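Just below is one structure, and these are the notes that go with it.
The values are calculated or read from the model by the stated rules, or taken from the named source; none is laboratory data. Predicted model only: the values in this text are computed from it and were never measured. So basically every Cβ, Gly included, is an ideal-geometry build from the backbone, and we count neighbours across all protein chains shown. In case anyone asks, the SASA skips ligands and DNA or RNA and just uses the protein heavy atoms, side chains included. Shrake-Rupley method; radii C 1.70, N 1.55, O 1.52, S 1.80 Å.
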Amino acid sequence: MTLVLVLGDIHIPQRAADIPAKFRKLLVPGKIDQILCTGNLTDRATYEYLRSITPDLHIARGEYDDKTQSYPISVKVTQQQELTIGLLNGHYAVPCNGDVDSLASIARQMDVDVLVTGNTHRFEAYEEQGRFFINPGSVTGAWGALEMNPVPSFVLMEVKGRQVVVYVYQLVNDDVVVDRIEYWKSDD
């Protein structure tokens, strides 16, 4: 089993002061195997914090990330030779509003089983056309063009062969609420 932290749309310090303390208490080194970040990391201190959790860090470039960073626009990661995950900041999708058909097209082009995107600052997870789509939302609750008051959220994803178990953590009324969603890759 691989435990993957999925987060993004951080926007520190431009739109948020920090990752909520209640989330930071949960995100400790030694438990998480890999991090997928949908971009808009925007500051070096948060990058170093994520690297302290695990050095296996994949970041897709967001529209507000420093262009001098070498973050790619998209990333493809293979998990346990059975599952491929694509990572993209949704700003680079057309339209950039989390459109299901647009994201399904990108998932087919990338040839991935799971597509992780950001940009909307709103958590979503759903299956479409035999693939699984995850948007972790904004871990800081930073506002965005499509969501002025987002609920801070991130995802922990357990990958076991062809199975993905998603735990979404949301900060609702100062309480951490956790929901669970499962996806099984079908036999093609």
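Quick notes on this one:
- For segment 119-158, the mean projected area of the C-alpha convex hull, equal to one quarter of the hull surface, is 3.2 nm².
- C-alpha center-to-center spacing [segment 39-108, segment 1-36] in angstrom: 14 Å
- Hydrodynamic radius of segment 37-188 per Kirkwood, over alpha carbon pairs, in Å: 15.8 Å
- Under the Debye formula (equal points on every Cα, no solvent term), log10 I(q)/I(0) of segment 1-64 at q = 0.12 Å⁻¹: -0.27
- Using the alpha-carbon positions of segment 101-188, Rg (one decimal) and Dmax (whole number) come out as 13.7, 43 Å.
- Pairs of Lys residues in the chain that lie 8 or more places apart, or on two chains, and have C-alpha atoms under 30 angstrom apart add up to 11.
- Accessible surface comparison of 176, 77, probe 1.4 Å, protein chains only, largest first: the order is 176, 77.
- Taking a sphere under 12 Å around the Cβ of residue 93 and counting the other residues whose Cβ falls inside, with K and R at +1 and D and E at -1, yields a net charge of -3.
- Note on segment 5-115: Cα-Cα pairs beyond 24 Å make up 27% of the total pair count.
- Counted over segment 37-116, the DSSP beta bridges are approximately 60% antiparallel.
- Relative protection proxy for 45-57, 106-118, from highest mean packing down: 106-118, 45-57 (other beta-carbon atoms within 10 angstrom).
- Counting Lys and Arg as +1 and Asp and Glu as -1 over every other residue whose Cβ lies under 14 Å from the Cβ of residue 109, the net charge comes to 0.
- Summed side-chain charge close to residue 136 - residues other than residue 136 whose Cβ falls under 14 Å, Lys, Arg +1, Asp, Glu -1: -3
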